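Written below as structure tokens is the structure these notes are about.
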Amino acid sequence: MVEPLFSVKINCTYCEVEFQTSRVRPSFKKSIKTDADFGVHFKDINPDYYVVRVCPFCGLATTESSTETISKDQKRAFEEKVKQNWSMKDYSGERTWEEAMQTYKLALVCAQVKGEKERIIAGILHHIAWLYREKEDVEQETRFLRFALNAYIQVYETEGVSLNNARLMYLIGELHRRLGEYNEAVKWFARVVNDKKIMDASMIKASRDQWATTREDMIAANVQLTEDIKEMK
């Protein structure tokens, strides 16, 4: 019988020791639904639990998007924030929800001390919010959606030109909507719909759909509709 997990070998950027980490076989990645902010709900096993690779010897936690270099200053910061408090822990096998959360929060600290790009940090924050959503912990999900939103806005302001602007702008709008900031949400959805340079049909449709959803949210919350909302094209 084929097991859902398989092992891959990783070389630690900090201590240069090889270690093993688990991944989920593609045939076991069975999604049930995808939320409007791209959070995926899975049947049986959640592959997101295995995104972070943690070196058992020093505690450096990375993802496939992480940079594979570390400077002397970054090493010192990592030693101070993580390594000196690290006790050997092996995350190479099956992970519980709690262990998955531990790996993401460790990855967040490591990304910050390594000075990773804001989009990598934003992605980690968003994944943490999704994990809390899985547990139906609304308070913590909301907290990390706020962190993720702030990071995505930073991404847009610093490197938006070089990225898929439509997806990023849509996502910023959707996180504003989820946080109840309806007027801000509409501004971002409208940008995607009305910018003639944007050719991404799926993101234009998604923005139009969520613009309409925002209007429904506002009516349900007894919030006065702005002209932007009323004039949805």
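Would you compute, from DSSP H runs of 4+ residues alone, the mean residue ellipticity of the chain at 222 nm, taking -39500 (n - 2.57) per run and dividing by the full residue count, rounded to the nearest 500?
-16500 deg cm²/dmol
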Compute the angle between helix 182-194 and the longest alpha-carbon principal axis of the chain, please, reported from 0 to 90 degrees and rounded to the nearest 10. 80 degrees
Counting only protein heavy atoms and leaving out ligands, DNA and RNA, the solvent-accessible surface of Phe6 at a 1.4 Å probe, in Å² to the nearest 10, equals 70 Å²
Please check: in the Gaussian network model of the chain (C-alpha springs, under 10 Å), which one of Ala107, Ala77, Ala122 has the largest mean-square fluctuation. Ala77
Paramagnetic reach from Phe57 in the range 6-43 [backbone N under 19 Å; point 7 Å along Cα→Cβ]: 8-22
Radius 12 Å from Cβ of Thr62, net charge of other residues (Lys, Arg +1; Asp, Glu -1): -1
Counting only other residues whose beta carbon sits under 15 Å from that of Glu80, what net charge do I get with K and R as +1, D and E as -1? +4
Which angle from 0 to 90°, rounded to the nearest 10, does the C-alpha axis of helix 138-159 make with the longest principal axis of the chain? 80 degrees
Under a Gaussian network model of the chain whose springs join Cα atoms within less than 10 Å, the largest fluctuation of Glu141, Glu99, Glu157 belongs to Glu157
What residue among Val155, Val223, Val54 shows peak mean-square fluctuation when the chain is described by a Gaussian network model with Cα springs under 10 Å? Val223
What shape does the range 47-92 take by its C-alpha gyration tensor, where a ≥ b ≥ c are the square roots of the eigenvalues and a/c under 1.5 counts as rounded, a/b above b/c as prolate, and the rest as oblate? oblate
I'd like the orientation of helix 165-178 relative to the chain: the angle between its Cα long axis and the longest Cα principal axis, in ° from 0 to 90, rounded to 10. 80 degrees
Under the rule rounded for a/c under 1.5, else prolate if a/b exceeds b/c, else oblate, using alpha carbon gyration tensor axes a ≥ b ≥ c, the range 1-157 is classed as oblate
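The values are calculated or read from the model by the stated rules, or taken from the named source; none is laboratory data. Here the structure is a predicted model, which means the values were calculated and not measured. When we count neighbours, we look across all protein chains shown, and the Cβ atoms used for this are built from the backbone with ideal geometry, even at glycine. Calculation scope for accessible area: heavy atoms of the full protein, side chains included, ligands and nucleic acids excluded. Shrake-Rupley method; radii C 1.70, N 1.55, O 1.52, S 1.80 Å.
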